Each structure stands twice: as structure tokens, then as C-alpha cells.
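Enquirer: Let me give you the structure first, and then I'll get to my questions.
The values are calculated or read from the model by the stated rules, or taken from the named source; none is laboratory data. Just so you know, these numbers come straight off a predicted model, no measurement behind them. Reconstructed Cβ throughout: ideal geometry from the backbone, glycine too, with neighbour counts over all protein chains shown.
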Amino acid sequence: MRTRRSLSGRRWTAVLLAWAILALPDNARALVWPKLALQPVASGLDLPLFITHAGDGSGRLFVLERAGIVKIIKNGAVLPTPFLDIRSKVTPGLPGDGGLLGLAFPPEFATKQHFYVYYTDIDGKPLLSRFRVSADPDVAAADSEEPLLTFTPAAPLHAGGFIGFHPLTHYLYVSIGDCSPQGDPDNNAQNPGLFHGKILRIDVENVDGGSKGEKNHLPYGIPATNPYVGDSGYLPEIWALGLRNPFRCSFGADGTFYIADVGYNTAEELNVEPPNSPGGLNYGWNILEGPFFTGLNGDTHPANYGPPVTHFTHPLFSAIIGGYLYQGPGSPRMQGLYIFGNFQQNGKGQVWGMRPGSWEAALLLTVNFLLVSFGQGEDGHLYLVDYVGGAVHRVIDCNSPNGPLLLLLD
């Protein structure tokens, strides 16, 4: 009777090695990352700050120019007529961090035909407004503005800039920086009676029937589940506090909220809220910067402190640029990565990748321009914005086996 020969020593060693590698925890395996490259999409833009889509099936991309113009990229070309031109309404001279900073289209935009922008107005005040689209779907009605929310900053700095709809609740989130001199000397980000240094959650689409807004004489509703509703010491719009400059944030398709907060002298941080977050976290600024006490406002963690899931110290990072969880077409190696950036003062930018859960990170690409923002197309493709060069690029994986390799052993 014939029996199978036993595995040779060499083959058995290989099997054991493969088993041992698979038995390692995820953060101890060799991690192969995508090798990224850029495809030019558009050029000739004037200080672009952000790119997004309308979710209406048109495939159009909308690019914000800081001075107050929104342009459309359609069928691979920048349309000559702006979608929106509010230069006469935006802070003259663009001091500090002023300008047209955020754009968001509501769910069912194709039917509703209105959208939201966040900018600093002619007096330097941050302002959230609603505009309508004209009879031409590629041109907004600039005279249709409905101001919704504004306040007086302490300085023309750190206005934030992200506005976006939660994909499940359809509430609008607004990220606002401390709007204060460097170091936030008046501790505004920790003041529950100010919008400075907060993330707001409001109902601008009448999700709850508008009763809360009417009751409070506001042009928007206050979700009943906001964490500080009924607390007289807090503005009811507040979802989170203790932020320095959450310039770019994003939602995953499941509602996970990625909050990239630009640091001061020490660290850049990424905060992440799960889809079922009840809100109410205090991210620490100006008591902390990343996990480090600043010495600016005591040495005790605030109540409901939310530590960052990860941080990057200076000088490795200069300013974190929040990105997106990649769920688009193309490379399997990009799937599920949180792709974000580093705005460097030397005229260059960096594209980084991070694996949610373990939060391992790797530098994937260095670019020879000031990377100021990421954006996502309706098809899931990822874009990045060249601020000074006035260009938009699509991020792709070269599909090379020679991408960055990271081995982490805790």
C-alpha cells in the first residue's frame, strides 16, 4: 500500500513560516501599500481650496476658488461660466484664513436644487448660507442667498471650513476653528457659549419638521439628540468642542466621521467618531495639542475628553490635511485606506495612507506643490488640489508591486 511522502524539510519550513505570518496580529504583518501617482484633471484655477460633487448623477466636479468663485469641471473641462460668483461678498484681500472655504450639496440635490456654502463675509465674519440653482443647472442664482448662521471671530484665523451632510441622518455638520489669535489666549475653543473651536450639527433640510428652529427663532433646526440640548451653559448647536482648526473633515459611507485638526507648535491630530457616536466630546484644544499638554490652559484633561486616534509631531508634519476613506474604483490596495495629507511650508505636499483600526500610516507620495485639500468624485475617485499651481489631480495606484512596505511589530 502506497502512502504519501512527507513534506520535505524545505517545504515544511515554508508552510510553517506562512502559517506563522498569518498567525501574527494584523499590525505585525508586512503591509503592502499602494504606489500612488497623479493624473491631471484641470488647471488654470485661481487659489483652489476644495473639490466635491453634487451627488446628482451628473458626474460634475465643483471646485472652490478662495476669492469666492465655484467652478464646474464637466466632461473633463472647466466650464467658462462660474457656477457661483460671490467675490463681492467675500472678505476683501483674503486676510488670514478668510475666503470661500466650504461647499455642500444636500441629499436629493437633483430635486431640491439648493446647496450650502461657508465663507468669511465682507466684514470678516464666518457665514453659512444657502443658495439656489438657476434655470441653468450649471449656474447658481447668486442673488438667492439665505444667510443661516454667522458670528464674530476674535481674529481672522482658523475659521475651519468643512461643511458636510451625515450620510445617514442628513444633518449638516459645520467645522469651525478657534477663530482666535495664536494659542487661543481667551480659551475660546473651551467656551461652551461660543461657536469658536467647535463642530456644529444642525438641521437645515427640515429632517425633523423644523419645529425646533421655529421655537428658537432660528433659520435651521436643532436636532433633539444633540448632546447639549437643554443645557443652558452650552449652545445647542454644538456637537463637539476643543478644536483648533478642523479645516478638512469627511464622512465614510457608514457615517464614520474623520476630523483632522491642524495643530499649533507640537502636533497634528486625527479624531474619529464612530457612526453611532452620541457627540459631546471635547478634543482638548487649547489645553492639549494632540496628546500633549500645551501649558496654555492648565494641565487637566477636560470632561468628556476625546483623545486623537493618532497624531503626528512637528517637524515631520506641518499641517494635516484631512482626506477620505477610499471606497472608490481601482486598486484593491487603496480600498479601506484613509488617505490624507501634509501641507508643507517648503512648497511641497505629502500624501499619506492610514489603516483604520490599527492606524498604521505610511507616506505614499510626495508632490512638488502645496497640497491644500482632497476631494471625492461621485464615482468614488479621489482628487487632490494644488493651491498655488491652480490645478486638480486624480489619485491613482500605479499597480506596482514596489509600493511602500511597512513592517510593524509592537
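Enquirer: Go over the candidates A155, A135, A104 one by one and state the one that is within 24 Å of the chain's Cα centre (by Cα), in the same structural domain as S175 (by TED's automatic domain parsing) and more than 26 Å from D203 (Cα to Cα).
Expert: Exactly one of A155, A135, A104 is within 24 Å of the chain's Cα centre (by Cα), in the same structural domain as S175 (by TED's automatic domain parsing) and more than 26 Å from D203 (Cα to Cα), namely A155.
Enquirer: I'm trying to understand the selection: among the residues of the stretch 258-294, which are more than 17 Å from G177 (Cβ to Cβ) and in a strand (DSSP E or B)?
Expert: V272, E273, F292, F293
A quick yes/no check of all residues on (1) over 23 Å from V385 (Cα atoms); (2) in contact (Cβ under 8 Å) with a residue 40 or more places away in the chain:
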{"position": "G290", "(1), (2)": "yes, no"}
{"position": "N297", "(1), (2)": "yes, yes"}
{"position": "T300", "(1), (2)": "yes, no"}
{"position": "N304", "(1), (2)": "yes, no"}
{"position": "F312", "(1), (2)": "no, yes"}
{"position": "L316", "(1), (2)": "no, no"}
{"position": "A319", "(1), (2)": "no, yes"}
{"position": "Y326", "(1), (2)": "no, yes"}
{"position": "G330", "(1), (2)": "no, yes"}
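Residues checked against (1) at positive phi; (2) part of a loop (DSSP other than H, G, I, E, B); (3) at pLDDT below 95; (4) in the same structural domain as D186 (by TED's automatic domain parsing):
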position: P302; (1), (2), (3), (4): no, yes, no, yes
position: L316; (1), (2), (3), (4): no, yes, yes, yes
position: G336; (1), (2), (3), (4): yes, yes, no, no
position: V351; (1), (2), (3), (4): no, no, no, no
position: A362; (1), (2), (3), (4): no, no, no, no
position: G380; (1), (2), (3), (4): yes, yes, no, no
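Enquirer: Looking only at the stretch 107-132, count how many residues are exposed (fewer than 15 other Cβ atoms within 10 Å of the Cβ), under 24 Å from the mean Cα position of the chain (by Cα) and not in a loop (DSSP other than H, G, I, E, B).
Expert: Qualifying residue count for the region: 1.
Yes/no matrix, rows are residues, columns are (1) charged (D, E, K, R); (2) surrounded by fewer than 22 Cβ atoms within 10 Å (Cβ to Cβ); (3) closer than 29 Å to F105 by Cα:
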{"site": "G255", "(1), (2), (3)": "no, yes, yes"}
{"site": "A260", "(1), (2), (3)": "no, no, yes"}
{"site": "V272", "(1), (2), (3)": "no, yes, yes"}
{"site": "P291", "(1), (2), (3)": "no, yes, no"}
{"site": "H314", "(1), (2), (3)": "no, yes, no"}
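Enquirer: Mind telling me which of the residues A14, A77, A18, A28 ends up being modelled with pLDDT of 95 or more and among the aliphatic types (A, V, I, L, M)?
Expert: Exactly one of A14, A77, A18, A28 is modelled with pLDDT of 95 or more and among the aliphatic types (A, V, I, L, M), namely A77.
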